[in-house]
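For reference, the structure is listed below as structure tokens.
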Amino acid sequence: DLEALEHEGREYIMQLDVATGMRKHLAILAEWEYTANITKENEDKWIQVRVDLSQQEKRAWEETKMYRWQDFQDFTLRRMFKKYTQLGVSALPDDKYKMLMRSVSGMEANYATAKICSYKNASKCDLALEPDITEIFATSQDPEELKDTWVQWHKAAGARARANFTEYVNLYNEAAHLNNFKDVAEWWQSEYEVPDFEEQLAKLWSDVKPLYEQLHAYVRKRLRDKYGDQIVSARGPIPAHLLGNMWAQTWNNIESFTRPYPDKKEVDITQSMKEQNYTALKMFQMSDEFFRSLNLTAMPEKFWNNSIIEKPNDREIVCHASAWDFFDGEDFRIKQCTTVDYEYFQTTHHEMGHIQYFLQYRHQPYIFRDGANPGFHEAVGDTIALSVSSPKHLRRVGLTQGEAEDEQTEINQLYKMGIDKIVFLPFAYTLDLFRYGVFRGKTAPEDYNCHYWKLREELQGVEPPVNRTEEDFDAAAKYHVSANVEYARYYVSFLIQFQFHRALCQLAGEYVPEDFTKKLVDCDIFESVAAGNALGNMLKMGSSKPWPDAMEVLTGQRAMKADGLLEYFRPLHDWLKAENQRTGEFIGWESSKTQYC
Ligand SMILES: C=C(C[SeH])C(=O)N1CCC[C@H]1C(=O)O
Ligand SMILES: [Zn+2]
């Protein structure tokens, strides 16, 4: 009878889950060994481990299919079976599985080890993305140096990945078909468990676009003031190399010379951190202290012993920041090439947010040890960082001195947050709209670069610093394209983190709508056990329930919306509209004069 069959099914899936935990543990160890020491030998070992495990997964998958789990009464049991019937890339035959692994590890190794020559010293050709090129983009205000560095990096990390990327697309789509998806785009979107995910992304962008256009127009004017109208036009897109970041994804590095009220005291956190002899370890300890202040879990012993928090000088590693769950309930690690600056202070909280999520859901079955959706996992650390970056908190930890907020200082603060959070959205949207088109076959290899820049111009209002051709492949010059990491998760994160932040601030008594002594912009949930407990309750769920249930636990909302972000930035939006009116700045952008199609 059904009762007995369901009982049998439960026994089966629980032992499968334990076996899966072992397999995940072995796979993650091999991947860590490779990305923490990039050698051919370690790559071969990692791929061999993955092939062996995929054969075991295939056998388990055959068994799982024999259960009539759709008829089971127990919701959680049905959800476990549903997830286990999705085999993933292991559905590929061994030879194709290996080819797919090699094409991705080839791109990722190229990205991690790419070197370029210094613009100022053409014989010095050992510049890596971290820390060298990142430092140039953070500090240089020489358009020629920025242009040259931009072009060299996009050749070394982008163009060189084109062949591998094309092979990866074909093989990854084959795996999608074997998992009953039309293509990888549908597979990636299925992770969000809503039928209209792509429509939701478009709607959210239409909600935020008016605010973005005002900010874009203001920044373009300030850049034109600085570099002149031969370099920055009055009505065109902004040249991508002038925004303080290789991908123009966040513009915080140009804050010092574009902020609304320059006569207000400069708030240079990086400067303060260096003056106070901050170290990478201190940054991690401060982040751990914040989470503990919320009554959340302290980093375990193995975290401090096994993490890599500074770039080693004796080997090549993947420097792009990452957080690792070793699926044994006690081994959790971060790998990043920390530099002592505000940007990495934020990144440290971002990565620690991943670890805290791992810790909170570590008692779930292995199959549920995941974010409620991929955007949730990216939002935890950033939500904490919204409190950390508040003037109140920065004063609390001694990173800024000085008076409480006045109107002008508050606009400067919102501007600093806006050139980090608002400008990121069209970038993130572009990256996966581009890849959806590639996976769907709408963008053929001979159109890769043309379609990429069309989207970047249309949505982000940026243009390449020089003409581009299909010899280039600029998309792969971004880590996540070379490393096969889906990116809509960050678009989702940068919206829902404001829904989370608003709810936590109200729980902490830090934000009271209409009470001007309790403004959202100055909320700091540090030491609020009420906020921490609510956050912990959401994180403990992992992916055991559909994400609207998780979001409801913390925010009372069941949908991702732009209202949190728009509420947070309302005063800035009003200021920008008035300022752009005052200067008569053209809002939006006409098509670029640069050739790329
Ligand atoms: C810090 C990480 C590792 Se999950 C990251 O890739 N982020 C964090 C924000 C956006 C995105 C990026 O750097 O492009
Ligand atoms: Zn992340």
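The values are calculated or read from the model by the stated rules, or taken from the named source; none is laboratory data. As the structure is a prediction and not an experimental result, all values here were calculated from the model. Cβ: placed from backbone, ideal geometry, glycine included. Neighbour counts: every protein chain shown. Side chains included, ligands, DNA and RNA excluded: accessible areas come from the protein's heavy atoms. Shrake-Rupley method; radii C 1.70, N 1.55, O 1.52, S 1.80 Å.
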Average projected area [Cα convex hull, the range 1-91], square nanometres: 6.1
In whole Å and largest first, what semi-axes does the C-alpha gyration tensor of the range 353-437 yield when each eigenvalue is scaled by 5 and square-rooted? 32, 22, 7
With +1 on the Cβ of every Lys and Arg and -1 on the Cβ of every Asp and Glu, and nothing else charged, how large is the dipole of the range 457-538 about its Cα centre, in debye rounded to the nearest 20? 420
Using only the alpha-carbon atoms, how far is helix 424-439 inclined from the longest principal axis of the chain? Give it as 0 to 90 degrees, nearest 10. 50
Could you order Lys416, Lys96, Lys40, Lys577 so the one with the most accessible surface comes first? Probe is 1.4 Å. Lys40, Lys577, Lys96, Lys416
Heavy-atom accessible area of Arg102, protein chains in place, probe 1.4 angstrom, given in Å² to nearest 10, is 100
Using the charge dipole of the range 359-413 (Lys, Arg: +1 at Cβ; Asp, Glu: -1 at Cβ; taken about the Cα centre), state which of Gln413, Gln364, Gln401 has its Cα farthest towards the positive end. Gln364
When the convex hull of the Cα atoms of the chain is projected onto a plane and the area is averaged over all directions, what value comes out in nm²? 26.3
So what does log10 I(q)/I(0) come out to for the range 459-535 at q = 0.13, 0.26 Å⁻¹, using the Debye formula with one equal point on every Cα and no solvent? -0.64, -1.19
Of Glu316, Glu301, which has the most accessible area and how do the rest follow, probe 1.4 Å? Glu301, Glu316
Please compute, for the alpha-carbon atoms of the range 1-160, the extent along each of the three principal axes and give them in descending order in Å. 77, 32, 23
Determine the sum of side-chain charges near Tyr452: Lys and Arg each +1, Asp and Glu each -1, restricted to other residues whose C-beta is under 14 angstrom from that of Tyr452. -3
So for Lys421, Lys45, what's the accessible-area order with a 1.4 Å probe, most first? Lys45, Lys421
Taking the Cβ of Arg235 as the center, what net charge do the other residues with Cβ under 12 Å away carry, scoring Lys and Arg +1 and Asp and Glu -1? +1
So what is the orientation-averaged projected area of the range 277-357, using the convex hull of its C-alpha atoms, in nm²? 5.6
Loop-resident sites, the range 495-555, for GluC sites (Glu not before Pro), counting at most 10 other Cβ within 10 Å (DSSP): Glu514
Dipole magnitude of the range 412-549 about its Cα centre, charges +1 at Lys/Arg Cβ and -1 at Asp/Glu Cβ only, in debye to the nearest 20? 380
Per residue, how big is the convex hull around the C-alpha atoms of the range 46-124? Give it to me in cubic angstrom, could you? 133
What percent antiparallel are the DSSP beta bridges of the chain, to the nearest 5? 60
Tilt relative to the chain, helix 162-178 - C-alpha long axis, 0 to 90 degrees, to 10: 40
Could you give the dipole magnitude of the chain about its Cα centre, charging the beta-carbon of Lys and Arg +1 and that of Asp and Glu -1, in debye to the nearest 20? 480
Can you grab the distance from the C-alpha centre of the range 527-554 to the C-alpha centre of the range 376-397, Å, no decimals? 17
Using alpha carbons only, how many angstrom separate the centre of the range 93-149 from the centre of the range 233-257? 20
As I understand it, the value is the acute angle between the Cα axis of helix 143-153 and the longest principal axis of the Cα atoms of the chain; what does it come to in degrees, rounded to 10? 20
Candidates per GluC sites (Glu not before Pro) in the range 470-504, loop by DSSP, up to 12 other Cβ within 10 Å: Glu471
Could you compute the net charge surrounding Ala185? Neighbours are other residues with a C-beta less than 11 Å from the C-beta of Ala185; K and R count +1, D and E count -1. -1
What lysines could a cross-link reach from Lys65, if we take a straight Cα to Cα line under 16 Å and drop same-chain neighbours fewer than 8 places away? Lys82, Lys83
Largest first and in whole Å, what are the equivalent-ellipsoid semi-axes of the range 110-214 based on the Cα gyration tensor, each being the root of 5 times an eigenvalue? 36, 23, 10
In the chain, with Lys and Arg counted as +1 and Asp and Glu as -1 at Cβ, which of these residues, Gln152, Ile334, Trp547, has the Cα nearest the positive end of the dipole, that is, farthest along it? Gln152
Sparsely packed trypsin sites (Lys or Arg not before Pro) within the range 187-290, loop by DSSP, other Cβ within 10 Å at most 13: Arg235, Lys265
Hey, how much of the P(r) for the range 483-597 falls beyond 26 Å, as a percent of Cα pairs? 39
